[in-house]
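Reading through the structure tokens given below for one structure.
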Amino acid sequence: MVLSECYGFVKYALVCVNLIFWAVGLAAVALALWMLTGQTFLTSLAEEQHNLNAGLYILFSAGFLMLIVALLGCCGAFRESQCMLVAFFSCLLVVIVAQIAAGAWLYANSNRLEELVKSNVINTVKNKYGEDATHTDTVDAFQSELGCCGATGPADWTGSKYATKDPSNPVSLTVSEDANNEYKVPESCCKDRSSGACKADRKIKVAGVVRSAIYSEGCVNKLMDTLNSQKNIVIGVTAGVGILELLGLIFSIMLCCTIGSSDRYKA
């Protein structure tokens with residue numbers, strides 16, 4: 001009686017774990033497809049688009065594999081099939097090893113993240129703002145939302161394509177030695193776009209003081225603070241998924257052994 005109750009608990013616990021795997025896999029597939037087909041902050045700022053796409057395809061593959069793993073686990077538990085449970089165990093083990101390898105790679109390359117963000121934001125500010133609608137909207141969005149201007153500060157707009165093509169600012173902005181030269185920052189750099197000071201203070205002298213109506217802090221530090229603030233959430237979710245995967249391995253082995261034992265008794 002006790003053995004039967006334990007068997008039933010392990011069986012339905014494994015089904016519940018696999019339903020969560022199915023949800024995680026579906027979320028990963030949906031996220032990868034959304035980022036591959038749409039324009040997001042990451043895709044619009046990525047300098048090496050092929051590398052980003054490769055990562056998204058890996059995410060899609062991992063999510064699809066998780067869906068297969070969940071299907072094998074549920075079917076193996078309901079049909080009490082040792083073959084399916086062994087296949088589930090093997091696939092889940094591959095997923096765990098891949099996750100550990102990906103985590104190790106991310107940890108080893110974490111120091112490059114700030115440099116990558118900084119170089120991409122500077123490149124977007126200098127060369128793509130005002131030239132491409134997607135990049136323009138992206139920069140406007142994070143400057144307004146984060147309360148910042150440029151990559152390291154408003155001076156990053158000096159000599160940018162946006163500033164140099166501005167017909168209301170005919171002075172050459174590439175000759176920074178002339179203290180009379182001015183550069184212009186976008187409206188999204190203003191603390192209050194509707195204020196009269198916004199229009200006047202958007203024109204800044206090269207090497208001059210940034211007026212109070214304009215955000216003086218660069219966006220790289222703000223972006224990194226935002227990313228770092230999400231670390232605990234990412235770590236928590238990763239730990240939770242890892243615990244569920246470990247339980248899946250344990251439950252599948254227990255169920256597989258129980259099914260094997262009952263088959264021997266029947267024989």
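Taken together, the values in this text are just the output of simple stated rules run on the coordinates, not laboratory data. For clarity, every value in this text was computed on a predicted model and none was experimentally measured. We place every Cβ from the backbone using ideal geometry, glycine too, and count neighbours over all the protein chains shown.
Each residue of the stretch 12-17 in order: what ³J(HN,Hα) in whole Hz does its phi give by Karplus 6.51 cos²θ - 1.76 cosθ + 1.60, θ = phi - 60°, with x for Gly and Pro?
Karplus-based 3J(HN,Hα) across the stretch 12-17 equals 6, 5, 5, 4, 4, 4 Hz.
Could you run the Karplus curve 6.51 cos²θ - 1.76 cosθ + 1.60 with θ = phi - 60° over the stretch 145-161 and give me ³J(HN,Hα) per residue in whole Hz, x for Gly and Pro?
Running phi through 6.51 cos²θ - 1.76 cosθ + 1.60 with θ = phi - 60° gives 6, 8, x, 8, 8, x, 7, 10, x, x, 5, 5, 7, 4, x, 6, 4 Hz.
Give, rounded to the nearest 20 debye, the magnitude of the charge dipole that the stretch 100-148 has about its Cα centre when Lys and Arg contribute +1 at Cβ and Asp and Glu contribute -1 at Cβ.
Dipole of the stretch 100-148, to the nearest 20 debye: 240 debye.
Given the pairs Lys191/Lys231; Lys126/Lys231; Lys128/Lys184; Lys128/Lys222, which are separated by over 23 angstrom at their Cα positions?
Lys191/Lys231; Lys126/Lys231
Using the charge dipole of the stretch 68-165 (Lys, Arg: +1 at Cβ; Asp, Glu: -1 at Cβ; taken about the Cα centre), state which of Leu146, Ser160, Gln99 has its Cα farthest towards the positive end.
Gln99
By average Cβ neighbour count within 10 Å, what is the ranking of 9-22, 62-75, 202-215 from highest down? If you can, show how the numbers build up before the last one.
Working: 9-22: 18.4, 62-75: 20.1, 202-215: 16.4.
Ranked from most to least packed, the peptides come out as 62-75, 9-22, 202-215.
Under the Karplus relation 6.51 cos²θ - 1.76 cosθ + 1.60, θ = phi - 60°, what is the ordered set of whole-Hz ³J(HN,Hα) values for the stretch 216-222, x standing for Gly and Pro?
Once rounded to whole Hz, the list reads 9, 8, x, 7, 4, 4, 5.
Give the long-range amide H neighbours of Asn181: residues separated by 5 or more places, or on another chain, with amide H under 5 Å away, using H modelled in the peptide plane at 1.01 Å from N.
Here Val206 satisfy the definition.
So, in Å, what gap is there between the alpha-carbon centers of the stretch 66-85 and the stretch 14-28?
That distance is 12 Å.
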